[in-house]
Number of protein chains: 2
Amino acid sequence: MHFADVLPLRSGASIRAYDLSYETYGQLNADKSNAVLICHALNASHHVAGVYLDESGQIQKKSEGWWDTMIGPGKPVDTNRFFVIGVNNLGSCFGSTGPMQTNPDTNEVYGADFPVVTVQDWVDAQARLLDALGIQTLAAVMGGSLGGMQALSWTLQYPGRVRHAVVVASAPNLTAENIAFNEVARRAIVTDPDFHGGHFYKHGVLPKRGLRIARMIGHITYLSDDVMNEKFGRQLRDAAGIKFSTQDVEFQIESYLRYQGDKFAEYFDANTYLLITRALDYFDPAGEFGGDLSRALAQASAKFLLVSFTTDWRFSPARSREIVKALLDNQIDVSYAEIDAPHGHDAFLLDDARYMGVVRSYFESKVSA
Amino acid sequence: MHFADVLPLRSGASIRAYDLSYETYGQLNADKSNAVLICHALNASHHVAGVYLDESGQIQKKSEGWWDTMIGPGKPVDTNRFFVIGVNNLGSCFGSTGPMQTNPDTNEVYGADFPVVTVQDWVDAQARLLDALGIQTLAAVMGGSLGGMQALSWTLQYPGRVRHAVVVASAPNLTAENIAFNEVARRAIVTDPDFHGGHFYKHGVLPKRGLRIARMIGHITYLSDDVMNEKFGRQLRDAAGIKFSTQDVEFQIESYLRYQGDKFAEYFDANTYLLITRALDYFDPAGEFGGDLSRALAQASAKFLLVSFTTDWRFSPARSREIVKALLDNQIDVSYAEIDAPHGHDAFLLDDARYMGVVRSYFESKVSA
């Protein structure tokens, strides 16, 4: 969807014109009351559910949407009832306008000149997409991690346009440790000689070393210590034993992380990584209320489902409980499930029966189409 | 101290001749029974206690030994009673033979050719230092973190030469997550274009980018989430507010981490970083006993003090408790203190009254000189 109107941003800058990539699943009903907007986290996209077919009509391998276990016909967010919208955020690298695209003001690739975007800016852009689709009110807005922050922000920026918010594995803001991990990842990218101050495109190189390191750090924080021990433990890659090398892979966990880093560096844009981690850092709805989250959430009028996972140390259950408490302080209707799952932050993307059951129940019993 | 004899290493390689830097504090008694060996962790050295004087006899700023709160006259490890030895490990970069020095076989700087050393190799080298000092038996061997691993290994390699082992904030081996953090740090160093396969010395450059990233990652894991929030929280560096920049410092925690990274990259050797993190990865006394730590520790005959810190998520109290349990399984005398301290892994270097009190009590009541 192309948007010809200027989008003013929280930074004071603006985007003159832009495109948003989106996908929809299910049918919008006659009174346009059954729309569910899905907000994505760091490295995901508008491709939330379903699969892609190749030219011969065969299902493309590994083309499942990133929340395909959650969304589809008969699934917890049932596309037989709901019209689900996945949208790629501004500044991302999967089709929406971002640093890899041409700046209409200069006719050069944006690169590091792409303006800094915030969670609130994304929500504004998403609201314009709904306008264009003729949807006034969302049955629900939903997301995990950074996506959950967008869902929460929707209830504050457009309280009249959201009936339900489903906020999974999220937090009211980042802790110092969260910011610290983001910063190390950003420094790895920015100090990669191939970054060229963010204008690497015109040098014909990619800062892959930095992206690999960033992704490896990210992966460690997505998993729990327990699940890493269970999956990899101290297993060696070579059954013959250790090789006594500082640079070769010795342990399976090293092999796994290198693989994840290599894969990521092939498809993800470095400037997008900087932008999205900064949007995470900046998100802090309580900030303008002197840190008082209860006062910040007084603006909300949606009903809420919060979900957290016991082993998530990136966005721990305690952070979700802060949101629950602030909502209760405002007599806002909130359901909260703390799922006992071993997978750490990654759990929000996985097919856990209790987690899926909670979301299914919520949509079946509380969210009208 | 120069050692002219070949030191065989666990890798099968050997070091032809080598030096160990060491310092001592207090007086060795007549029957040489009051020696306490201090083993250091990743970036520390033989300079364990006391200060250095400059040429005019003034105390040099910031020249305190890394465990100066713990060791000295009247301190928990009282140098009025004990003869304390600090030794810099082989492969380190503070005076003992390591990658920055000349390989006598090639007359070139070792660089990446310095052989991989293990905790056990270090203990062997330390035992030779004691031989040279005429010390048969240690009153105690003591260390924190990786230093605690060396103390534990002493009791297994030279059970007859250690009366007490004090193992602080340590673990019987690394978890997959611990290895993962080491590996990301190593990859940051090795993929820095200035690393030149570990032979950067002859190129006249240092892989500072990689070292900075490695140190930033390390620092995050040394601190607890709580103490980071207390010290830095979401405080901005600029009182005027956020600048909406992906590359400038916005938050105080970023400024702190960059400063720590910069400082470290000025003085620490990149090859040493690789060697020492690998020694951590490889340490696993239970490994040769099918993972059965109780069987592994059956070789020990020393008495033990174990100390851990509640907020240490790098080497959590649960890891110390594994060692305690395995010692108890062998009817070995072990005291264990789990100190409620907010500082994370770093707590083992800090002046905490309960921690210092426990070590003082142990040395006063149990360790004869």
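Here the calculated FRET efficiency for B:L129 and B:R321, from their Cβ-Cβ distance with R0 = 25 Å, stands at 0.20, rounded to the nearest 0.05.
Computing FRET efficiency as 1/(1 + (r/R0)^6) for B:K263 and A:D113, where r is the C-beta to C-beta distance and R0 is 30 Å, gives about 0.40.
Peptide B:48-58 is shielded by partner chain Cβ atoms: per residue, an average of 0 of them sit within 10 Å of its Cβ. Contact order for the range A:178-276, expressed relative to its length and based on alpha carbon pairs under 8 Å spaced 6+ residues apart, stands at 30 percent.
Note on B:5-16: average number of Cβ atoms from other chains within 10 Å of each residue's Cβ is 1. Across the identical copies, the 7 Å label point of A:D329, projected outward along Cα→Cβ, sits 4.9 nm from its counterparts, in ascending order. Shown for A:V6: label points 7 Å from Cα along the beta-carbon vector, and their distances to the equivalent points in the other copies, 7.8 nm in ascending order. For the residue pairs A:K208/A:K303; A:K231/A:K263; A:K243/B:K62; B:K202/B:K263, the C-alpha atoms sit more than 31 angstrom apart in A:K208/A:K303; A:K243/B:K62. Under 14 Å from the 7 Å Cα→Cβ point of B:D340, by amide nitrogen: which residues of the range B:286-312? Answer for the range B:286-312: B:309-311. When every Cα-Cα distance of the range B:1-150 is counted in 10 angstrom steps from zero, the calculated P(r) takes the values 11, 38, 34, 15, 2 percent. In whole percents, the pair-distance distribution calculated for chain B from its alpha-carbon pairs, binned every 20 Å from zero, is 28, 59, 13, 0.
For the range B:58-139, trypsin sites (Lys or Arg not before Pro) are listed when DSSP marks them as loop and at most 12 other Cβ atoms sit within 10 Å of their Cβ; the list is B:K61, B:K62. The alpha-carbon atoms of the protein assembly as shown define a convex hull whose volume equals 188 cubic angstrom per residue. Take the Cα of B:H2, step 7 Å toward its Cβ, do the same at B:L236, and the gap between the two points is 6.1 nm.
For the range A:178-276, taking Cα atoms only, Rg and Dmax work out to 15.2, 46 Å respectively. Relative contact order of the range A:276-369, taken over Cα pairs closer than 8 Å and 6 or more residues apart, is 27 percent. The relative contact order of the range B:34-148, computed from alpha carbon pairs under 8 Å that lie at least 6 residues apart in sequence, is 35 percent. Ellipticity at 222 nm from helices only: DSSP H runs of n ≥ 4 in chain B, each -39500 (n - 2.57), divided by the residue count, give -10500 deg cm²/dmol.
Membrane-span-like helices of chain A, defined as complete DSSP H segments with a Cα extent of 24 Å or more along the helix axis and a mean Kyte hydropathy of at least -0.5, are absent. Distance between the pseudo-spin-label points of B:S14 and A:Q136 (7 Å out from Cα toward the beta carbon): 8.8 nm.
Remark: label point of B:S294 defined 7 Å out from Cα along the Cα-Cβ vector; separations to the same position in other copies 5.2 nm, ascending.
A short reminder: the numbers here are calculations on the coordinates, not readings from a lab. Quick caveat: nothing in here was measured; it's all calculated off a predicted structure. Here Cβ is always computed from backbone atoms with ideal geometry, including for glycine, and neighbour counts include all displayed protein chains.
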